[in-house]
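Please read the structure below before turning to the comments.
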Amino acid sequence: MIIGVTGGIASGKSTVARAFEALGVPWVDADDVAREVVEPGEPALAEIAERYAHEQGPGVLNDDGTLNRRALREIVFADPAERRWLESVTHPRIRARLVEHLARLEASGAPYVLLVSPLLFESGQSEMADRCLVIDVPEALQIERTAARDDVDEAQAHAIVAAQMPRAERLARADDVLDNGGSEEEMRRRVAELDRRYRQITSDQSHGK
Ligand code: ADP
């Protein structure tokens, strides 16, 4: 069983994933895999470099051959058609690699596995998951935790939150919701409850119930 885990910025996805891991549940982070597929030597990076080789200046590669994320971000931010092209190059490869990672984790005897992704719904990765768990915090707390963790002020944190999928829409698509508005201790208690439930579901499934 694959549980998709998502939530807005600083909702606590990584913190919650570590709490599951402490209970023996492994996870893969879609952001890590998204970075993997554009590393030097990867076909996606070659395609991207070729498409933007004509851009003024050094194109979208750094001198050492790695992707210049800022340059690429500026191009796709200014042009939705380029963003769609980029996604058509990267998304299928991210998906294929996620499938490999998840299969390896499942084969290692884990009771179930987590697919942690900030864009679980937006990217369609939710289709790979059997259930979707949304980490939910009130927006004010999300902004506070973003400003405390990252080098941004509250206005910038607010703008980031406003650009993401609205909280209500995310909640409407959740199978399960983890309220992370309390202490870390409370969060760990809720994770333990969910873990019991998920283990029950997989055990029922393997007994054909
Ligand atoms: P995400 O992965 O969703 O961006 P993180 O797991 O990095 O979010 O959490 C964002 C910040 O909030 C981190 O600094 C983390 O330590 C803190 N945090 C997460 N959950 C709690 C909690 N229940 N209580 C207090 N701080 C928390």
Worksheet item: If we count other beta carbons within 10 Å of each Cβ, what is the order of 101, 54, 91, fewest first?
Response: 54, 91, 101
Fill in: Residue order, fewest to most beta carbons within 10 Å, for 29, 153
153, 29
Discussion item. Using +1 at the C-beta of Lys and Arg and -1 at the C-beta of Asp and Glu, which of 187, 141, 159 has the Cα lying farthest in the positive direction of the dipole of segment 137-209?
Written reply: 187
Discussion item. Would segment 67-209 count as rounded, prolate or oblate if I go by the C-alpha gyration tensor, calling it rounded below 1.5 in a/c and otherwise prolate when a/b exceeds b/c, oblate otherwise?
Written reply: oblate
Response to the item:
With only helices counted (DSSP H, runs n ≥ 4, each -39500 (n - 2.57)), the per-residue ellipticity at 222 nm for the chain, to the nearest 500, works out to -17000 deg cm²/dmol
Fill in: For segment 140-188: rounded, prolate or oblate by the Cα gyration tensor [a/c cutoff 1.5]
oblate
Worksheet item: How high is the FRET efficiency from residue 84 to residue 39, r the C-beta distance, R0 30 Å, rounded to 0.05?
Response: 0.85
Worksheet item: Dipole of segment 70-209, Cα-centred, from +1 at each Lys and Arg C-beta and -1 at each Asp and Glu C-beta, to the nearest 20 debye?
Response: 580
Practice prompt. Given the peptides 196-203, 131-138, 20-27, arrange them by the average over their residues of other C-beta atoms within 10 Å, most packed first.
Written response: 131-138, 20-27, 196-203
Practice prompt. Work from the charge dipole of the chain (Cβ charges, +1 for Lys and Arg, -1 for Asp and Glu, about the Cα centre) and give the residue of 27, 205, 78 farthest towards its positive end.
Written response: 205
Worksheet item: residue 71 to residue 197: extension gain in nm, 0.36 nm per residue of separation minus the Cα-Cα distance?
Response: 40.9 nm
Worksheet item: Using the alpha-carbon centroid of each, what span in Å lies between segment 1-46 and segment 111-187?
Response: 13
Worksheet, complete the sentence: The computed P(r) of segment 1-134 puts the percent of Cα pairs beyond 25 Å at 34
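Rule-based calculations on the coordinates, nothing more; no lab input. Computed from a prediction, not measured in an experiment: that's the story for all the values here. With ideal geometry, Cβ positions are generated from the backbone for all residues, glycine too; neighbour counts draw on all protein chains shown.
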